[in-house]
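Chemist: Okay, handing you the structure first.
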Amino acid sequence: MAKGKNGADPTYEAGDIQVLKGLEHVRKRPAMYIGDISSRGLHHLVYEVIDNAIDEALAGYADKITMTVNKNGSVTVTDNGRGIPTEVHPTEKISALEVVMTQLNAGGKFNRDSYKVSGGLHGVGVSVVNALSEYLEAEVVRDGKVYYQKYKRGVPEAKVKVIGNAKKTGTKVTFYPDGEIFKNINFKFETLEERLRELAYLNKDLTIVLKDERDSSKDEEFHYKGGIVDFVKYLDESEKSIMGKPIYISGDRENVQVEVAFQYNESYNDNTYTFVNNINTHEGGTHLEGFKAALTRTLNNYATKNNLIKSDKITLTGDDFREGLTCVLSIKVPEPQFEGQTKTKLGNSEVKGIVQSIVGETLSNFLEETPSIAKR
Ligand code: 28F
């Protein structure tokens, strides 16, 4: 290998400069990566780390995620997945763990036919969290060993080293947000609690534990075997349902997984929440359009066929069918296109037809089979 000007290995030098440029860009324009540097941006740091653990669960390798707000204000997230790979890169001579932690968007760990969860600004990668943290410690248990590396504002303090042995596997990330970037580095327990509870409802096989060393009386454990059906019951806790239990529909077509749970209560408001790959699509999109079209058409057909509409002068509109509706629609799409002001509107046009057909077919069968509920 030819030696660089100061005798350093030029390949390593080049890679190093590229890494430093990346981290420097993140620290110069953090809002481009996490939306803003207010409390919301601070919490996006946590969501970015959590989402990588959720991805490991979606891939089928982790079923428990623990998050702790430590006494000193740092946050620790652990999962019991495979552990981030640590093998040393053949040419770059650095561990895969260091690549994931220091190179922008190195964490693109899943290929097309799995679902990359992405919170915040949709999966910027944990290297962004690293660049915006005064320090970050990564601990990986894999191949019977415990690997460790510590970073200061994204720069490794030393090479990845083995600090012990262990049987299980998993990844643990502790980070302390950089006070030079964020004015306020206090994590709000209630904010974290709400997002983690939502993620547990959306991923029914996952257990999520939330601990606060500043006040351990608030510790929580979320695990909802009923998934989004339990979510609808939770949302409707203070309402009176007009049907025994929520209707649950699921199916998948063309690599799109659709799940919807809904029930009617005696109120007049429409309480519909929609998610794509665990992202809360506040602005709706093609999945919601498909669900609304299926609901309106199926209920209208049923009502007309069973002459439940007294006079033929009125046709019920979509809004009529959403009075008193509490609904959670959660879909998983390999390549979601997000639009809208806050990038929380799904744009994939093919999804509307997929959701409409899955919901339409299952719902009309359900109404035929349970006329008592249908009539109500
Ligand atoms: C506390 C936060 O970040 N968990 C993670 C994995 C597992 C793999 C992975 C992550 C492949 C090489 C890019 C392991 N074995 N929790 C986490 N768990 N990343 S992040 O792979 C990273 C990609 O570098 C993993 C086999 N395949 C993937």
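Chemist: Could you list, ordered by first residue, the pairs with Cβ atoms under 7 Å in which the first is in segment 168-194 and touching a residue at least 60 places away in the same chain (Cβ under 8 Å) and under 28 Å from GLU98 (Cα atoms) and the second is basic (Lys, Arg) and within 16 Å of the ligand (Cβ to nearest atom), at least 6 apart or interchain?
Modeler: Matching pairs, first to second residue: THR169/ARG82; THR169/ARG142.
Chemist: Out of segment 310-359, which residues are touching a Lys or Arg at 6+ places or on another chain (Cβ under 7 Å) and surrounded by 21 or more Cβ atoms within 10 Å (Cβ to Cβ)?
Modeler: ILE354, ILE358
Chemist: Here is a further query. Filter segment 123-152 down to residues that are in a loop (DSSP other than H, G, I, E, B) and open to solvent by 70 Å² or more (accessible area, probe 1.4 Å), then give me how many there are.
Modeler: Selection size over segment 123-152: 1.
Chemist: Does GLY284 meet the test of being modelled with pLDDT of 95 or more, on the phi > 0 side of the Ramachandran plot and not polar (S, T, N, Q)?
Modeler: Considered against the rule, which asks whether it is modelled with pLDDT of 95 or more, on the phi > 0 side of the Ramachandran plot and not polar (S, T, N, Q), GLY284 comes out as yes.
Chemist: Also, I was wondering about something else. Taking the residues in segment 51-69 that are closer than 16 Å to THR169 by Cα and more than 8 Å from the ligand (Cβ to nearest atom) as candidates, determine which candidate is surrounded by the most Cβ atoms within 10 Å (Cβ to Cβ).
Modeler: Here the residue is ILE54.
This table checks each residue for (1) under 20 Å from ILE373 (Cα atoms); (2) in contact with a Leu (Cβ under 6 Å, 6 or more places away or on another chain); (3) modelled with pLDDT of 95 or more.
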position	(1), (2), (3)
THR207	no, no, yes
LYS225	no, no, yes
ASP230	yes, no, yes
GLY244	yes, no, no
THR274	no, yes, yes
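Chemist: Oh, and also: For segment 70-93, what are the residues that are within 12 Å of the ligand (Cβ to nearest atom), more than 21 Å from the chain's Cα centre (by Cα) and closer than 22 Å to GLU48 by Cβ?
Modeler: PRO85, THR86
Chemist: Let me ask something else about it. Could you list all residues from segment 32-50 that are closer than 20 Å to GLY22 by Cβ and either near the ligand (Cβ under 9 Å from one of its atoms) or within 13 Å of the chain's Cα centre (by Cα) (or both)?
Modeler: Within segment 32-50, HIS44, LEU45, GLU48, VAL49 qualify.
Chemist: For segment 153-176, which residues satisfy the criterion of being closer than 28 Å to ALA59 by Cβ and buried (at least 18 other Cβ atoms within 10 Å of the Cβ)?
Modeler: Scanning segment 153-176 gives GLY154, PRO156, VAL160, GLY170, THR171, LYS172, VAL173, THR174, PHE175.
Chemist: Scanning for something at pLDDT below 95, in contact with a Ser or Thr (Cβ under 8 Å, 6 or more places away or on another chain) and open to solvent by 30 Å² or more (accessible area, probe 1.4 Å), does segment 105-113 turn up at least one residue?
Modeler: Looking for residues that are at pLDDT below 95, in contact with a Ser or Thr (Cβ under 8 Å, 6 or more places away or on another chain) and open to solvent by 30 Å² or more (accessible area, probe 1.4 Å), one finds at least one in segment 105-113, hence yes.
Chemist: Could you identify the single residue in VAL117, VAL146, VAL129 that is modelled with pLDDT under 95 and farther than 14 Å from ALA96 by Cα? Walk me through it before giving the result.
Modeler: Numbers: VAL146 fails: modelled with pLDDT under 95; VAL129 fails: modelled with pLDDT under 95.
The conditions single out VAL117.
The values are calculated or read from the model by the stated rules, or taken from the named source; none is laboratory data. Just so we're clear, the structure is a prediction, and the values are computed from it rather than from any experiment. Quick reminder, even Gly has a Cβ in these numbers, built from the backbone with ideal geometry, and neighbours come from all protein chains shown. In case anyone asks, the SASA skips ligands and DNA or RNA and just uses the protein heavy atoms, side chains included. Shrake-Rupley method; radii C 1.70, N 1.55, O 1.52, S 1.80 Å.
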